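Worksheet: one structure, shown below.
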Amino acid sequence: MRLLCLSNGHGEDRIAGTILAALQQMEAAAILRALPLVGTGQTYRQLGIPLVGPARNLPSGGFLQTGLAEDMRAGLWGLVWQQRRAVREWAQTSPRGVVLAVGDIWPLWLAWQSGRSFVFVATAKSEYHLRDEQGPLPKTHWFEGWAGSVFYPWERWLIRRSLATFPRDELTTTWLKRWQLPVTWVGNPMMDDLEPQGELRIPGFTEAMVIVLLPGSRAPEAYRNWELILQALPGVIESLTAPQILFLAAIAPGLDRTQIEATLQKYRWPVFPGVGFGYDQVGMVVTQGHFNDCLHLAHAGIALAGTATEQLVGLGKPVVSFPGRGPQYTAHFARYQQRLLGPSLRLVEKPEAVGPVLQDILTNPDELNFIARNGHQRLGKPGASVAIARFIRQYLRS
């Protein structure tokens with residue numbers, strides 16, 4: 001009862017982790033191994049799941065479109081070769097093993113190359129990039145949609161060889177069934193393990209409009225994004241008509257809190273006893289351990305992040321964003337994410353434009369209801385991790 005999990009990104013690691021944690025609870029005898037194709041696999045280490053090959057941080061953080069040259073200088077091709085060899089070595093010792101691939105075509109291809117049965121959780125692509133329930137979206141490039149789907153023919157060829165593929169939304173699942181592919185919609189595991197902890201309580205801000213700030217998880221980009229977000233806040237404070245404003249800075253555990261707070265001081269945020277930073281009726285809380293509470297308490301978000309932005313939208317909250325300098329959150333990525341999330345994500349050109357847009361959204365009840373319905377539809381309900389783990393367990397036991 002052996003399983004190898006392949007994932008190619010920090011968000012993908014977390015999604016894979018929720019599935020593996022569910023599988024561990026169902027089947028204590030399963031021998032789980034993992035290979036994070038991007039980063040060091042901290043999620044797997046926390047779950048006590050051994051790694052089968054090398055795990056390293058590269059300059060691009062997995063975003064080769066903007067960082068391929070730097071990654072090559074840092075040893076990308078050597079790492080790719082070592083990872084491919086590690087998958088094959090695992091397969092040789094696991095003749096009846098199963099591979100779980102989470103992410104895009106790279107873990108999918110490696111899973112097929114292993115020669116073992118495999119399950120694919122397709123987190124990276126969605127038909128919402130090309131269409132919504134009403135029909136095709138306006139093209140931004142002439143070649144968009146040439147394959148009839150956001151998944152290219154070679155990706156569909158690999159999907160056809162999977163035991164099962166779990167797309168990230170119902171629209172994509174319905175579309176891929178046109179090719180009689182083994183796809184099943186059980187929800188998006190991204191929305192699992194997001195229950196509020198109920199631990200984050202801020203005295204004196206009972207009437208506050210709460211805005212969560214999400215600068216992303218990858219250093220050094222997250223530090224640059226954080227500074228851009230701080231540039232947006234004066235306009236937000238000026239625009240919002242709420243009696244109190246509370247900003248919740250949800251900072252990834254892997255980032256340096258000292259550097260985050262130093263940037264706050266650079267932008268002249270005074271220390272606010274009992275809160276963190278702020279003044280009068282404006283508070284700023286910096287936290288690295290209350291991510292779920294931040295998402296649930298927020299009325300809206302300002303985000304330059306990937307997975308975290310989608311999770312906030314999935315909880316029915318509006319998000320305002322603007323392009324960063326990358327390598328992840330570029331203007332191209334922001335537009336791509338906006339197509340994915342639809343009206344739940346508003347894009348502006350620069351940080352100073354965030355405030356009026358937030359005020360417009362938060363004072364429009366009809367818009368807020370529409371955004372809530374849209375988020376729930378595009379991300380789905382919790383429970384997918386258990387459903388996927390149950391499928392894998394059934395196959396392992398057969």
(request) Please turn the phi angles of region 34-49 into ³J(HN,Hα) values with the Karplus equation 6.51 cos²θ - 1.76 cosθ + 1.60 (θ = phi - 60°), one per residue in order, whole Hz, x for glycine and proline. (result) 9, 9, x, 7, 9, x, 9, x, 4, 4, 5, 4, 5, 7, x, 9
(message) Can you give me the long-range amide H partners of Leu304? Hydrogens built in the peptide plane at 1.01 Å from N, cutoff under 5 Å, separation of 5 or more residues or another chain.
(response) Leu214, Gly216
(request) Can you work out the accessible area per residue across the chain, with the rest of the protein chains kept in place, probe 1.4 Å, in square angstrom? (result) 44 Å²
(message) For the chain, what does the helix formula give at 222 nm: sum of -39500 (n - 2.57) over DSSP H segments with n ≥ 4, over the residue count, nearest 500 deg cm²/dmol?
(response) -13000 deg cm²/dmol
(request) Specify the longest stretch of the chain that does not include any exposed loop site, a site being one of the chymotrypsin sites (Phe, Trp or Tyr not before Pro) with a non-H, G, I, E, B DSSP assignment and at most 15 other Cβ atoms within 10 Å. (result) 1-141
(request) Counting other Cβ atoms within 10 Å, keep those with at most 11, restrict to DSSP loop, and tell me which trypsin sites (Lys or Arg not before Pro) in region 162-214 are left. (result) Arg201
(request) Using only the Cα atoms of the chain, construct the convex hull and provide its projected area averaged over every direction, in square nanometres to one decimal. (result) 19.4 nm²
(request) Give me the percent of the accessible area of the chain that comes from carbon and sulfur atoms, probe 1.4 Å, all protein chains in place. (result) 53 percent
(request) Taking amide H positions as placed in the peptide plane 1.01 Å from N, state which residues far from Phe272 in sequence (5 or more) or on other chains have amide H under 5 Å from it. (result) Phe277, Gly278
(request) Quick one: what are the phi-derived ³J(HN,Hα) couplings along region 276-281, Karplus 6.51/-1.76/1.60 with θ = phi - 60°, whole Hz, x for glycine and proline? (result) x, 9, x, 6, 6, 9
(message) Excluding same-chain pairs closer than 8 in sequence, count the lysine pairs in the chain whose Cα atoms lie under 25 Å apart.
(response) 10
(message) Semi-axes of the equivalent ellipsoid for region 120-164, please: Cα gyration tensor eigenvalues, times 5, square-rooted, ordered largest first, whole Å.
(response) 22, 12, 8
(message) If you average 1/r across every pair of different Cα atoms in region 75-159 and take the reciprocal, what Kirkwood value do you get, in Å?
(response) 14.8 Å
(request) Using θ = phi - 60° and the Karplus relation 6.51 cos²θ - 1.76 cosθ + 1.60, list the HN-Hα couplings for region 239-256 in order, rounded to whole Hz, with x at every Gly or Pro. (result) 7, 6, 9, 5, x, 9, 10, 10, 9, 10, 8, 8, 9, 4, x, x, 8, 8
(message) Counting only GluC sites (Glu not before Pro) that sit in a DSSP loop (anything but H, G, I, E, B) with at most 15 other Cβ atoms within 10 Å, what is the longest stretch of the chain containing none of them?
(response) 208-348
(request) Taking the convex hull of the Cα atoms, report for region 148-299 its projected area averaged over all directions, in nm². (result) 12.2 nm²
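The values are calculated or read from the model by the stated rules, or taken from the named source; none is laboratory data. These numbers were taken from a predicted model, which means no experiment stands behind them. For neighbour counting, all protein chains shown are included, and Cβ atoms are generated from backbone atoms with ideal geometry for every residue, glycine included. Only protein heavy atoms, including side chains, enter the accessible area calculation; ligands, DNA and RNA are left aside. Shrake-Rupley method; radii C 1.70, N 1.55, O 1.52, S 1.80 Å.
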